[in-house]
Structures are given as structure tokens and as C-alpha cells.
């Protein structure tokens with residue numbers, strides 16, 4: 001195809017795409033939107049006719065960038081609690097700012113512009129009605145004689161309560177159209193985790209699947225189908241924090257999600273410039289209802305807003321621990337975390353507990369480690385003869401395979417013996433990796449001197465550099481004489497690659513890998529000396 005034909009083809013393709021969008025896709029989207037609005041209007045009208053009521057909340061609240069025009073300026077009201085300073089907005093009575101009092105330093109978990117968390121009916125102007133040391137109540141007038149009250153109550157165990165009450169003081173029935181609970185946009189986290197937060201922040205819900213002992217955590221993104229099973233709770237989470245609503249006397253409705261721009265951030269340390277930083281926006285629909293004359297309708301819910309503390313979650317209802325990702329080898333990860341907590345109970349230092357856990361794992365896997373290191377040492381021993389055989393039978397594959405097998409038999413070498421221990425150790429490493437990576441207990445946990453937070457990177461990079469040095473000497477001792485230069489270079493540069501990779505890893509993980517490398521290097525040195533003496 002020449003250039004002219006190529007250009008004509010591209011132009012035709014663009015014309016087809018443009019025509020399809022203009023005359024097919026867009027009309028379908030408009031028709032679907034109009035049908036949904038008509039169905040909603042019809043449902044409200046039917047509810048009115050059935051109850052002889054007047055609709056007082058004309059439209060449902062949805063996840064949208066559009067803002068309602070405000071008759072009054074927004075007012076911010078703060079409630080100071082032991083665990084956080086919580087600031088509410090008069091537009092929807094949602095949590096505008098949640099300043100979590102962290103052990104490392106206060107963290108604003110909701111710094112992004114939006115209606116806030118647990119916001120409802122932002123077109124209603126709420127005002128503070130009452131408060132205690134751990135609760136606050138707001139009231140908003142929808143129409144004269146019809147009010148909505150909203151009470152937040154914060155409890156010591158972290159399972160808090162929020163109540164929405166519609167009170168009809170008039171002499172006629174009034175219908176409330178569908179409304180929603182809103183979350184977001186975005187959920188912030190501690191400073192050490194901000195670089196990964198965009199990937200870790202997700203809208204989630206919990207369902208109980210038939211045949212499964214424990215409930216399943218599901219993510220919900222824009223365009224996802226509604227859950228086929230009733231959900232227990234829903235909200236937004238990241239690696240360290242969770243904010244969810246738990247309906248009590250009402251059935252949770254449809255979920256809606258979008259990804260909203262919440263700021264900008266540098267890409268690839270600034271080498272790729274800046275890009276949009278996005279966070280999840282989420283809503284939970286509530287079906288419309290009719291409030292009869294001189295009566296009330298209440299919606300009671302529990303909610304959680306705070307750190308994903310596995311130890312605390314095990315003592316609380318609603319299976320909040322399912323929000324913590326232990327990975328594919330989750331059962332092993334939970335065992336490792338329980339052992340870590342036991343060692344911490346003995347020592348009072350999570351760094352020392354990690355070292356003890358690593359030594360215990362090495363002791364359990366000692367036999368397999370010996371197999372792996374012996375196999376590596378034997379392969380190094382036969383490498384010179386192997387190279388001579390490869391050169392001698394370079395053009396004769398059958399003879400090469402025969403002589404290679406004879407060489408392995410002569411020295412009793414099994415090349416697969418070094419693979420089995422690695423396959424056994426890999427699940428344990430991955431399980432421990434996820435257990436340490438998601439452990440809130442390590443947040444703000446001190447080890448020694450400059451390591452004051454085992455969940456964040458080493459500020460001076462001393463642990464990853466020391467780890468890389470140990471790996472360098474370990475690899476150097478394993479490179480057989482006569483190894484191909486390109487393969488030898490790979491062995492030499494691997495410690496450098498690991499060092500760079502671990503630079504920004506939590507120091508608790510680096511401490512584990514450093515301890516593991518030191519133990520392996522010590523065992524390897526003893527085995528090499530033993531083999532050398534035997535020869």
C-alpha cells in the first residue's frame with residue numbers, strides 16, 4: 001500500500017468512526033438517559049398516587065461533577081475526637097475533613113474537593129442541632145414542616161453509627177425521592193504510601209457467596225454491573241485506611257463509581273513530567289419512601305472510618321478484616337503475622353520480631369536451603385569439565401547430552417535439586433511480603449537508631465545498601481569458573497538491581513530480606529568450606 005492509499009484508508013476509517021459516534025452511539029446514549037429519567041419520574045408519580053403524597057425531594061443525588069446551586073454559603077463544623085478531628089459540611093452534612101491523629105503525625109484523609117464522605121442530599125442546607133463529646137446532630141428543612149435530621153455517633157471500638165431521620169410535621173403524606181450516600185473523591189493516606197495510593201485506592205463492597213465460609217471483598221469501578229448478591233458494607237479503601245457504610249434497617253441500593261481528578265503528581269520521578277492524579281468517587285443509592293403525616297422514617301447505619309488494623313478487626317463485627325489483602329498465599333501470611341505478633345509480645349520491638357521470624361523460617365527451611373546451596377556448589381565444581389564437554393561435542397547434540405549425564409552421575413549432581421527449595425520458599429516469601437506490606441502494626445514502629453517507622457523506607461538507604469553488599473558477596477561465591485561473561489555479568493549486577501528495587505520498600509521488608517541474606521550467606525560459606533576440605 002502506497003502513502004496515498006494509506007491516507008485515504010485512514011480518512012475513511014475516521015469518517016466511519018465519527019459517523020457511528022454521531023448518528024448511532026450518541027443517540028443511543030441520549031435515549032437511554034431519557035428512558036431512565038422517565039422511569040424515575042414515573043416511579044415517583046406512582047408512589048405519589050398510591051399514597052396521595054407530595055414529592056419534597058425532587059431528584060436523587062448521584063455521583064457527578066455537576067454541583068447544585070447553593071442558596072447559602074457552605075459552613076464547616078468541627079467535632080474534636082480522641083482519634084481524629086472531624087469537620088462536617090453544611091451541604092449534605094458529610095465529612096469534609098477527617099484529620100486522623102496518627103502516631104507519626106496527623107494525616108488528612110480527605111484533602112480533596114468534593115461533597116465529602118457520608119454526604120447525603122447536598123442540596124439541603126444543614127445546621128448543627130446538638131452535640132456531645134462523641135456525637136453531633138444536624139438538621140435541615142426540606143420544606144416548611146418537613147425536616148431531615150442526621151446524627152453521627154463515634155464509639156471507642158471504631159464501629160460508629162449514623163442515623164438519618166425524616167420528620168413530617170405536616171398534615172399530609174410527603175414522598176421522598178431516591179437519594180444516596182456519597183464517598184470521596186479519593187482517600188488519602190500516610191506520607192510513606194502516597195506514591196502508591198492512586199493504585200491502591202478502590203471502591204469496594206463485601207458479599208457472602210453461597211458455599212463459602214467467609215465473605216468476599218469485591219471492587220466496584222465505573223461501568224461495573226450491580227452486585228448479584230446483597231452486600232454487607234460498601235465504601236472506599238486504600239492500603240492502610242478504610243471508610244465503609246453498613247446499612248442496618250434498610251437495604252443497600254445500587255452502587256455507582258467514577259474516577260475523578262483530585263490533583264497532579266510527578267511521573268517517573270519527574271522525568272515524564274506531571275500527570276493527573278485520580279481517586280475513586282462512590283455512591284450508594286437509597287430507595288425513595290413516603291413519610292406519612294405527623295410521623296418519622298429512620299435510616300440507621302453503622303460505619304467505619306480509620307486504619308486497617310488487623311488485630312482490632314478480629315475483635316469487631318462485619319468481617320472488616322476481609323479488606324486487608326494477604327494475597328494468593330493468604331493463609332500463610334496470616335500465620336506469619338500471628339507469629340510476628342507473638343514475638344513482638346515477647347520483645348516489644350517489631351524489628352527484633354522480624355529478625356526472629358526470619359531465623360525461625362530459615363530453621364524450618366534449613367534442609368531445603370542446604371539442598372539448594374549444595375546443588376549450587378556441586379554445579380560450580382563440575383563447571384570446568386562441563387565447559388570442556390560443550391566445546392568437544394559442540395556439533396553433536398546426542399553425544400553432548402550423553403556425556404553431560406555421565407558427568408552428573410560421576411559427581412552425583414542433580415541440577416533440579418536447586419530448583420525445588422526455591423519453589424518451596426517462594427510462597428512463604430510472598431506470604432510474608434504481603435503480611436508485612438499491609439501490617440498497620442508496623443506503622444510508626446521503631447527498630448533502632450534511624451529506623452523509626454518500619455512501614456516506610458529507610459531514610460538513609462543504609463539497610464538496602466547493606467543488603468545489596470551481602471547479596472554481592474553471596475553471588476560472587478556462586479559464579480562458577482569459566483561461566484559465560486554475559487551470564488557472569490548478570491550475576492554481578494543482580495545485587496545492584498535488587499538494591500535499587502528495595503530502596504523505596506518498607507524498611508521492615510528490607511530488614512527481613514537482609515537477615516535472610518546474611519543467614520543464607522553464612523550457611524553457604526560453611527558448605528563451600530566443607531566441600532573444599534572434602535576435595
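The values are calculated or read from the model by the stated rules, or taken from the named source; none is laboratory data. Note that this is a predicted model, so its numbers are computed, not measured. Every residue, glycine among them, receives a Cβ derived from its backbone with ideal geometry; neighbour counts consider all protein chains shown.
For the stretch 134-153, the condition holds for no residue, the condition being that it is closer than 26 Å to residue 297 by Cα, in a strand (DSSP E or B), at pLDDT below 95 and touching a helix residue (DSSP H, G or I) at 6+ places or on another chain (Cβ under 6 Å). In summary, residue 195 fulfils each of the numbered conditions (1) modelled with pLDDT of 95 or more; (2) farther than 18 Å from residue 99 by Cα with the single exception of condition (1).
The set of residues in the stretch 423-457 that are at pLDDT 80 or above, more than 20 Å from residue 238 (Cα to Cα), assigned to a helix (DSSP H, G or I) and touching a helix residue (DSSP H, G or I) at 6+ places or on another chain (Cβ under 6 Å) is empty. If the condition is being loosely packed, with under 15 Cβ neighbours inside 10 Å and either touching a strand residue (DSSP E or B) at 6+ places or on another chain (Cβ under 6 Å) or farther than 23 Å from residue 524 by Cβ (or both), then the stretch 374-397 contributes 388, 390, 391, 392, 394, 395, 396, 397.
If only one of 326, 303 is in contact with a strand residue (DSSP E or B) (Cβ under 6 Å, 6 or more places away or on another chain) and either buried (at least 17 other Cβ atoms within 10 Å of the Cβ) or in contact (Cβ under 8 Å) with a residue 60 or more places away in the chain (or both), which one is it?
303
Inspect all residues belonging to the stretch 403-414 and state whether any of them is closer than 30 Å to residue 333 by Cα and at pLDDT 75 or above. No, the stretch 403-414 has no match at all. Taking first residues from the stretch 207-225 that are assigned by TED's automatic domain parsing to the domain that holds residue 251 and over 19 Å from residue 246 (Cα atoms) and partners that are surrounded by 12 or more Cβ atoms within 10 Å (Cβ to Cβ) and modelled with pLDDT of 90 or more, the Cβ contacts under 6 Å between residues at least 6 apart in sequence or on separate chains come to 221/257; 222/257; 222/258.
Annotation: of all residues in the stretch 128-147 being farther than 20 Å from residue 170 by Cβ and surrounded by fewer than 14 Cβ atoms within 10 Å (Cβ to Cβ), the one that is nearest to the chain's Cα centre (by Cα) is 133. In the stretch 85-92, the condition of being more than 19 Å from residue 183 (Cβ to Cβ), in a strand (DSSP E or B) and either modelled with pLDDT of 95 or more or under 25 Å from the mean Cα position of the chain (by Cα) (or both) is met by at least one residue. Note on the stretch 164-183: residues that are under 34 Å from the mean Cα position of the chain (by Cα) and under 30 Å from residue 221 (Cβ atoms) amount to 7.
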